[in-house]
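The values are calculated or read from the model by the stated rules, or taken from the named source; none is laboratory data. On a predicted model such as this, the values are computed, not experimentally measured, just so you know. Positions of Cβ are generated from backbone atoms using ideal geometry, with glycine treated the same way; all protein chains shown enter the neighbour counts. Only protein heavy atoms, including side chains, enter the accessible area calculation; ligands, DNA and RNA are left aside. Shrake-Rupley method; radii C 1.70, N 1.55, O 1.52, S 1.80 Å.
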Amino acid sequence: MQMPDVRSMCAIGLSGQLGLGGHLPWEGNKGPEFREDVANFFRTTRGHVLLAGPTTARAVPDYERQHMTIVELRSHMDPEETLAKFAGRVVFIGGGPVVWDVYAKYIRHWDITRLPYDGPADRWFDPKWLVAGGKTK
Ligand SMILES: NC(=O)c1ccc[n+]([C@@H]2O[C@H](COP(=O)([O-])OP(=O)(O)OC[C@H]3O[C@@H](n4cnc5c(N)ncnc54)[C@H](OP(=O)(O)O)[C@@H]3O)[C@@H](O)[C@H]2O)c1
């Protein structure tokens, strides 16, 4: 099956914090590192495909949606069939954690920013995703 170029880009806190209450744990923080991280995410994913769970996909602001193809991943969808629909494109797997549990083995390139946040979270980065065995092309 022909596969796309599968990548992932995420930001984590100092202990691997990813999410809190359906949002980024540091949401509302106006520090330059936090603002630059969000700007960099949209600059990098522009023109490409973002595949993410419903909560993550719906968090993309309206003014950015026109610049990318966003598909909500659901648990009944077959990962390889879903990815094959975007052969020839750059696809970013956007999370959250249960999505990365399944799609990590297809990711060829990870871009992870550690932000200076050390507060609470209810979603965490799992380093096992980086070494998930499987196909990357
Ligand atoms: N820091 C970051 O860079 C970053 C990035 C992404 C997300 N987050 C944070 O993470 C949180 C959102 O993640 P979340 O996991 O809670 O919600 P989510 O994004 O909606 O992802 C989880 C949902 O994806 C669906 N899904 C799709 N494919 C699946 C599969 N193959 N196996 C299992 N489930 C699958 C499931 O819903 P169904 O069973 O209903 O289909 C599941 O409940 C938020 O707090 C968000 O801010 C942070």
Quiz item: For Tyr117, are the conditions met, namely being part of a helix (DSSP H, G or I), at negative phi and not aliphatic (A, V, I, L, M)?
Solution: no
Quiz item: If Gly88 satisfies every condition in (1) within 8 Å of the ligand (Cβ to nearest atom); (2) open to solvent by 60 Å² or more (accessible area, probe 1.4 Å) but one, which is the exception?
Solution: (1)
Quiz item: Looking at the range 48-94, which of its residues are over 17 Å from Ala104 (Cβ atoms) and touching a helix residue (DSSP H, G or I) at 6+ places or on another chain (Cβ under 7 Å)?
Solution: Glu64, Met68, Ile70, Glu72
Exercise. Give just the number: which of (1) among the basic types (Lys, Arg); (2) away from the ligand (no atom under 13 Å from the Cβ); (3) closer than 21 Å to Asp122 by Cα does Arg58 not satisfy?
Key: (2)
Exercise. Scan the range 1-55 for residues that are within 8 Å of the ligand (Cβ to nearest atom) and surrounded by fewer than 13 Cβ atoms within 10 Å (Cβ to Cβ) and report the count.
Key: 3
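Would you be able to say whether some residue in the range 70-89 is small (Gly, Ala, Ser) and without any contact (Cβ under 8 Å) to a residue 24 or more places away in the chain? Let's see the steps before the verdict.
Step one: of the range 70-89, the residues small (Gly, Ala, Ser) are 75, 84, 87-88.
Now restrict to residues that are without any contact (Cβ under 8 Å) to a residue 24 or more places away in the chain: 75.
Yes, the range 70-89 contains at least one residue that is small (Gly, Ala, Ser) and without any contact (Cβ under 8 Å) to a residue 24 or more places away in the chain.
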